[in-house]
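Participant: Shown below is the structure under consideration.
Each value in this text was obtained by applying a stated rule to the coordinates, not by laboratory testing. What you see is a predicted model, and the numbers here were worked out from it, not measured in a lab. Because the Cβ atoms are built from the backbone with ideal geometry, glycine has one as well, and the counts that use them run over all protein chains shown.
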Amino acid sequence: MKKIICLLLILSFAVSLISCGAFGASNSINGESLKDYSIVYSEEDHDYSKRAAEYIQSEILARTKINLPLIEDSEDAVTENEIVVGNTERAISEKLNAETVGLQFAILADQGDVALEGDYFIIAAAAYFFIETYVPTADYDATVPEEVKVHSPIVKEAKNFIMLIGDGMGINQTKMFEYLENDREYSDGEDMFYGYYLPAQGQSRTASLSGVTDSAAGGTALSCGIKTINGFVGRDENLNDVKSLTELAHENGMSAGVMSTEVKTGATPAAFSSHADARYDDAGIIISQLEAQTKYGTVIECGFDYYTERYIEKTVEKKITDMLSKLSANKKGFFLMYEEAHIDKHSHNNELDKAFDAIVRFNQAIGRFMEFAFYNPDTFILITADHETGDLFPNSEGVLEYHSEDHTGKNVPIFAYGAGSELFNGQKIENIQIAHTIAHFMGVDNFGDQSTYQYLGK
C-alpha cells in the first residue's frame, strides 16, 4: 500500500511539473526561454503602452504561471531578452519603423528581443494579437518573424455595442486638429481625431420631424430608431413610448449603461434611459430613469464634466473603466451609450478653444473604449453626433470660424469599428438607420420605424 501511495505521489508531482513547463513544455520565444524575458514599455506613450505591457504581463502569468518583470524604458535597465511595447529608445524599436495605415500595428523579433508598435491606443491591438498568436497555451515554442510584419486587429462577431456621441459634433468639429494647435497639457499628443483611424467612415442626416433637430429628437432617433418632434424624449410624434436600444439589450438578456458629461436629465442621456413629453421635464425623466434602473438594471453614470484640473485622467477614465467592468461581467454582452456634451455647449457660445478642449477630451475617451474593443474583439463601436452646432467652417483666409449660435442641418460624421462596421463605410444615411442596424446586429430586424429607412445591409 505504501508503495502505491508513493507511486501516486510521484505521478502527481510529475504531472504538476509538466503543467508548469518542467517536462515537454519549453515555453520559449524564438528559442529563448520565456522566463528569461522582461517586458519594457515606453513612459512617453501617455499610459497606452504601459497598460498594454501590463496586459501582456497578466496574460502570460495566467497562461504559463510565469511572472515577467515589467520595466520602464531607460538605459539603466536593459535586460538580456525583452518584449518591447511601444515606441522606446531600444535598438529594436529603431529597426521597427513600419508604414502603418489606420488601425494597423507592427511586430518584429531580433536577437532574442521582440518589439510591438502601434499609434496611441492601437498598441492595445498589438498586445492582444501578440498574446493570442504567440502565447496561446502554457506549452508552446513561439516563432516571431525576424522581419517587420504589419497586422490588423483581431475582430470577432459582436456581442458588445458601444455608441459614442459627440453632442453638436459636426464634420468640421472633428477637423479642429488641422486648424488649432494641440498643446493641452492633458492631451495624448494626438494630432487627429481618433475616429479617422477607424476603417468605416460615413455620414448621417439628422433632421427631425420639426426640421433642424434638437438633442432630444436627435438622441431619440439614435436610441429608438424613429423620427420624432423636437423636445420629445423616447416618444414618437403621438407621444407613445418607443423602445430604446437600452431596453432592447435588456430584453436580450444583455446589460446596458448610459454615460454622459451632461447631467442625467440632459436630452441625450434621457433619450437612452427614459420616456418623457418634454426634455425639460426633469421630474418625469428622473422617475422614468428610476424605473429603468430598478426594472432593468440600467447603469446610469452622468453629471461628470471636465472642468476640474486633470479631471480626464483622475476621474473620467476611472468611470469608463468601472462602467465597462460592470457591463462586461454579463457574458451575453452589453449596450452602452457615452456622450461628450460640451462640444455643443461651447459651440452655442462660439467658444472655439473650449469646444476644442471638449473634442480632445472626447478623443481620449474614444481611446479608452477602443482599448477595450481590442482586448475584447467581440465589441462593436460607433462614433457619431446628434447634430451639428455653430455652422463651423473655415473662412476665406482658411481660419476656422463659427457662423451661427444654433443647431444646423449639416450632416454629421459616422465612424465605426468591429464586425459589420463595413456597412457604414462611404454611406450617407438617416440617423435612425444607426439604431436599426445596431438592433439588427443584436438579432432584431423590426426595431424602430423601418417604413422608409431600413437597417443597413437589408
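Participant: Anything over 30 Å Cα to Cα? Flag those among LYS156/LYS264; LYS318/LYS410; LYS156/LYS318, in the order listed.
Facilitator: With Cα atoms farther than 30 Å apart: LYS156/LYS264; LYS318/LYS410.
Participant: Along the stretch 393-398, what does the Karplus equation 6.51 cos²θ - 1.76 cosθ + 1.60 (θ = phi - 60°) give for ³J(HN,Hα), rounded to whole Hz, x for Gly and Pro?
Facilitator: Listing the rounded values in order: 6, x, 7, 5, 9, x Hz.
Participant: So who's got an amide H within less than 5 Å of the one on PHE161, skipping anything under 5 residues away but keeping other chains? H placed 1.01 Å off N, in plane.
Facilitator: PHE334, PHE335, LEU336, PHE380
Participant: Looking only at the stretch 27-151, where both bridge partners belong to it, what percent of the DSSP beta bridges are antiparallel (to the nearest 5)?
Facilitator: Values: 10 of 23 bridges.
Taking every DSSP beta bridge within the stretch 27-151, about 45 percent pair in antiparallel fashion.
Participant: Let me spell out the model: positive unit charges on the Cβ of Lys and Arg, negative unit charges on the Cβ of Asp and Glu, origin at the Cα centre of the chain. What dipole size does that give, in debye rounded to 20?
Facilitator: Dipole of the chain, to the nearest 20 debye: 2340 debye.
Participant: For the stretch 113-142 and the stretch 369-391, what is the centre-to-centre distance using only Cα atoms, to the nearest Å?
Facilitator: 24 Å
Participant: With θ taken as phi - 60° and the coefficients 6.51, -1.76 and 1.60, list the Karplus ³J(HN,Hα) couplings across the stretch 333-346 in order, rounded to whole Hz; mark glycine and proline as x.
Facilitator: x, 7, 10, 9, 10, 10, 10, 9, 8, 8, 4, 5, 4, 6
Participant: Next question. Which shape class applies to the stretch 27-151: rounded if a/c is under 1.5, otherwise prolate when a/b exceeds b/c and oblate if not, where a ≥ b ≥ c are the square roots of the Cα gyration tensor eigenvalues?
Facilitator: Taking the square roots of the gyration eigenvalues as a ≥ b ≥ c, the stretch 27-151 is rounded.
Participant: Cα centroids of the stretch 166-240 and the stretch 241-283: how far apart, whole angstrom?
Facilitator: Between the Cα centre of the stretch 166-240 and that of the stretch 241-283, the gap is 17 Å.
Participant: Something else now. Amide H neighbours of GLU430 under 5 Å, at least 5 residues apart or on other chains, H built in the peptide plane: list them.
Facilitator: It is ARG205, by chain and number.
Participant: Local charge sum around GLY284 (other residues, Cβ-Cβ under 14 Å, Lys/Arg +1, Asp/Glu -1)? Walk me through the intermediate numbers first.
Facilitator: Working: positive: ARG235, LYS264, ARG279; negative: ASP241, ASP277, ASP281, ASP282, GLU291.
Taking every Cβ under 14 Å from that of GLY284, the sum is -2.
Participant: List the lysines whose Cα sits under 17 Å from the Cα of LYS149, skipping any in the same chain fewer than 8 residues away.
Facilitator: Straight-line reach from LYS149, under 17 Å: LYS95.
Participant: Label points 7 Å out from Cα along the Cβ direction at GLU80 and ARG63: separation in nm?
Facilitator: 2.3 nm
Participant: Considering Cα pairs under 8 angstrom that are at least six residues apart, work out the relative contact order of the stretch 242-282 and quote it in whole percent.
Facilitator: Relative contact order for the stretch 242-282 comes out at 36 percent.
Participant: Just to confirm a number: summing +1 for Lys and Arg and -1 for Asp and Glu over residues other than ALA385 whose beta-carbon lies under 9 angstrom from that of ALA385, what do you get? Before the final figure, lay out each step's value.
Facilitator: Details: positive: none; negative: ASP167, ASP344, ASP386, GLU388.
Combined, the nearby Lys, Arg, Asp and Glu give -4.
Participant: Of all beta bridges DSSP finds with both residues in the chain, what is the antiparallel percent, to the nearest 5?
Facilitator: Percentage antiparallel, nearest 5: 40.
Participant: In what order do VAL258, VAL101 fall by count of nearby beta-carbon atoms within 10 Å, going from fewest to most? Intermediate values should be presented prior to the final figure.
Facilitator: On the way: VAL258 29, VAL101 9.
So the ranking, lowest neighbour count to highest, is VAL101, VAL258.
Participant: List the residues whose amide H sits under 5 Å from the amide H of ASN425, counting only those 5 or more places along or on another chain, with H placed 1.01 Å from N in the peptide plane.
Facilitator: GLN201
Participant: Å³ per residue of the Cα convex hull, for the stretch 123-237? Present the calculation step by step, with values, prior to reporting the outcome.
Facilitator: On the way: hull volume 22.3 nm³, N = 115.
Once divided by residue count, the hull of the stretch 123-237 is 194 Å³.
Participant: Return the tail of the calculated pair distribution for the chain, meaning the percent of Cα-Cα pairs more than 43 Å apart.
Facilitator: Working: 22445 of 104653 pairs.
Tail fraction, whole percent: 21.
Participant: Which value, in debye to the nearest 20, gives the size of the charge dipole of the stretch 27-151 about its Cα centre, when Lys and Arg are +1 and Asp and Glu are -1 at the Cβ?
Facilitator: Details: 8 positive and 26 negative charges, 115 e Å.
So the magnitude is around 560 debye.
Participant: Sticking with the crude label model, points 7 Å out along Cα→Cβ, report the distance from ALA283 to ASN376 in nm, one decimal please.
Facilitator: In this crude label model, ALA283 to ASN376 measures out at 3.8 nm.
Participant: Which net charge results when you count Lys and Arg as +1 and Asp and Glu as -1 among the other residues whose beta-carbon is under 15 Å from that of LEU324? All intermediate terms of the calculation are to be shown ahead of the outcome.
Facilitator: Working: positive: ARG51, LYS159, LYS318, LYS319, LYS326, LYS331, ARG368; negative: GLU301, GLU317, ASP322, GLU371, ASP378.
Residues near LEU324 contribute +2 overall.
Participant: For the stretch 330-458, treating each Cα as an identical point scatterer without solvent, what Debye log10 I(q)/I(0) comes out at q = 0.17 1/Å?
Facilitator: The computed values of log10 I(q)/I(0) come out as -1.03.
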